[in-house]
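Have a look at the structure below, then the notes.
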Amino acid sequence: MISEQKALKGRFNPIEVSLPHRVFNVSLLDDIPGTEVAYVAMGCFWGAERKFWELPGVVNTVVGYQGGFTPNATYEEVCTGKTGHAEVVKVIFDPTKVSYAQILKCFYENHNPTQGFRQGGDIGTQYRSAIYFVNEQQEKIARDITHVFQATLNENHYGTITTEIARAKEFFIAEQYHQQYLIANPNGYCGLGGTGVSCPVGLSTT
């Protein structure tokens, strides 16, 4: 992982994204009243984003870069490993229809969280597994679910979860062509591959 001192400097102006979401037909930039936000990284964000826009109760998704140091990084910069960012999906959801715990269940069941700085054939720090929480309640839920899922993975002969769990830093939106990539490119690359192990979400974590 790059240090803050050695990270690329980035830029002041954010990447410009103007088109609405191809599924929800809402702006990728505006707040939606009554919603909550989750930030997760699970490898290449193209396939990861699709998992969440298909989840009932999710009302918007945005892909971008988070967890590193370089402001308003470009995709090319992130791929050098010199920004510290992960490829992240910003999940905007209606908490009356889907819980944060259910968001994390979808997260854990749709990738392998034991692989460190890679996801399948995608290798690099930007492909790491991560949960970036926005408050103490999210942090507790994330740590509780991770603890329970680790026990389940152990029973199925998987290794230690390497998912980074940390407070969310600023989220930098990715370029327009990355947004809902698998709708614009139906035959596009999706490198996601889960473990096949169900993530138990109990009453204590919902």
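The values are calculated or read from the model by the stated rules, or taken from the named source; none is laboratory data. Predicted model only: the values in this text are computed from it and were never measured. Reconstructed Cβ throughout: ideal geometry from the backbone, glycine too, with neighbour counts over all protein chains shown.
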- [ ] State whether the residues of segment 126-142 include one that is within 28 Å of Y189 (Cα to Cα), of a type in the set (S, T, N, Q) and surrounded by fewer than 16 Cβ atoms within 10 Å (Cβ to Cβ).
- [x] no
- [ ] Scan G68, G43, G34 and give me the residue that is crowded, with 22+ Cβ neighbours inside 10 Å and at positive phi.
- [x] G43
Open item on the list: Tell me which helices (runs of 4 or more DSSP H) are completely within segment 64-175 and hold 3 or more residues being at pLDDT 95 or above, under 28 Å from L19 (Cβ atoms) and not basic (K, R), or say none if there are none.
Closed with: 75-79, 100-109
Open item on the list: I want to confirm something. Restricting to segment 176-189 and keeping residues that are in a loop (DSSP other than H, G, I, E, B) and surrounded by fewer than 18 Cβ atoms within 10 Å (Cβ to Cβ), which single residue is modelled with the highest pLDDT?
Closed with: N185
Task: Per-region count, segment 4-58, residues more than 19 Å from V88 (Cα to Cα) and without any contact (Cβ under 8 Å) to a residue 24 or more places away in the chain - done: 3
Open item on the list: So A142 ticks every box in (1) over 21 Å from G81 (Cβ atoms); (2) out of contact with any Phe, Trp or Tyr (no Cβ under 6 Å at 6 or more places or on another chain) but one. Which box is left unticked?
Closed with: (2)
TODO: Please find, within segment 46-62, the residue that is farthest from N185 (Cα to Cα) out of those that are surrounded by fewer than 22 Cβ atoms within 10 Å (Cβ to Cβ) and not aromatic (F, W, Y).
DONE: G57
